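**Student:** Take this structure first; my questions come after.
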Amino acid sequence: MKYDRPSAVEALLNRFIGLLARAGIGPRYNVLLQVRGRTSGRVYSTPVNVLELKGARYLVAPRGQTQWARNALASGEVTLVRAFRGETVKVHPVADAAKPEILKTYLDRFASQVRQFFPVPAGSPADAFRPLAADYPVFEIKN
């Protein structure tokens, strides 16, 4: 199970980026994701990039099987916060067979932020992501 744990500096930076997203500062695709812990019941927050592709919205866990992804899978819903407004949405896991195009687009669009988490470079063909699909949770956002 792939998981790239953030360093202490990355965790601090994520907190700062999350505060900016919560306040509505920064790119529109950057939001603060809130999800209830599957065992603790506590609400956890982390900044994420929402990918819009062909009329659908997706969440990708570039670090792999993160706690937020595991919690989202267990609960089936998350809250996306931007500019102090929360939107509670249902999330549905995407099948591995459907992930290559989504992962390719995610890496191409957000390369400056996530390229270090992928073993293939931005601009790679979608087929290059097929063997990696199981390592990266992807959720389709449903209102």
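**Student:** Distance between the C-alpha centers of the stretch 43-105 and the stretch 1-17? Whole Å please.
**Tutor:** Cα centroid to Cα centroid, the span is 17 Å.
**Student:** Next up: When the distances between all Cα atoms of the stretch 96-143 are binned every 5 Å from zero, what whole-number percent does each bin get?
**Tutor:** 5, 24, 34, 23, 10, 3, 1
**Student:** Pairs of Cα atoms under 8 Å, at least six residues apart: use those to get the relative contact order of the stretch 7-143, whole percent. Walk me through the numbers before you get to the answer.
**Tutor:** Values: 231 pairs, mean separation 35.0, N = 137.
Relative contact order, the stretch 7-143: 26 percent.
**Student:** A further question follows. Give the residue list of chymotrypsin sites (Phe, Trp or Tyr not before Pro) in the stretch 45-143 that are DSSP loop and have at most 11 other beta-carbon atoms within 10 angstrom.
**Tutor:** When the chymotrypsin sites (Phe, Trp or Tyr not before Pro) of the stretch 45-143 are filtered for loop state and at most 11 Cβ neighbours within 10 Å, 84 remain.
**Student:** Now, a different point. In the calculated pair distance distribution of the stretch 1-47, what percentage of Cα-Cα distances lie above 12 Å?
**Tutor:** Working: 715 of 1081 pairs.
The calculated P(r) of the stretch 1-47 puts 66 percent of pairs beyond 12 Å.
**Student:** Next question, about the same structure. Given 68, 95, 79, which one lies farthest toward the positive end of the charge dipole of the chain, if we put +1 on the Cβ of every Lys and Arg and -1 on the Cβ of every Asp and Glu?
**Tutor:** About the Cα centre, the residue reaching furthest to the positive side is 79.
**Student:** Only one of the values (i) 98; (ii) 110; (iii) 260 was calculated from this structure for volume of the Cα convex hull per residue in Å³; name its label.
**Tutor:** Answer label, from the structure shown: (ii).
**Student:** Shifting gears a bit: For the pair residue 14/residue 143, report the inter-label distance in nm, with labels modelled 7 Å from Cα in the Cβ direction.
**Tutor:** So the label points at residue 14 and residue 143 sit 2.9 nm apart.
**Student:** Still on this structure, please answer the following. Residue 95 label point, 7 Å along Cα→Cβ, cut-off 20 Å on backbone N: hits in the stretch 112-143?
**Tutor:** The answer is 126-142.
**Student:** Still on this model: Once a ≥ b ≥ c are taken as the square roots of the eigenvalues of the Cα gyration tensor of the stretch 56-128, is the result rounded (a/c under 1.5), prolate (a/b larger than b/c) or oblate (a/b not larger than b/c)? Provide the component values of the computation, followed by the final result.
**Tutor:** Numbers: a/c = 2.02, a/b = 1.60, b/c = 1.27.
Prolate, because a/c is 1.5 or more and a/b exceeds b/c.
**Student:** Placing unit charges on C-beta atoms (Lys and Arg positive, Asp and Glu negative, everything else neutral), compute the dipole magnitude of the stretch 1-77 about its Cα centre in debye, rounded to 20.
**Tutor:** Details: 12 positive and 4 negative charges, 29 e Å.
I would put it at about 140 debye.
**Student:** Treat the stretch 26-100 as a sphere of radius equal to its Kirkwood radius over Cα pairs and apply Stokes-Einstein at 37 °C in a medium of 0.692 mPa s; give the translational diffusion coefficient in µm²/s, rounded to a whole number.
**Tutor:** Values: Rh = 12.9 Å.
The calculation lands on 254 µm²/s.
Taken together, the values in this text are just the output of simple stated rules run on the coordinates, not laboratory data. These numbers were taken from a predicted model, which means no experiment stands behind them. Using ideal geometry, Cβ is built from the backbone for each residue, glycine included, and neighbour counts are taken over all protein chains shown.
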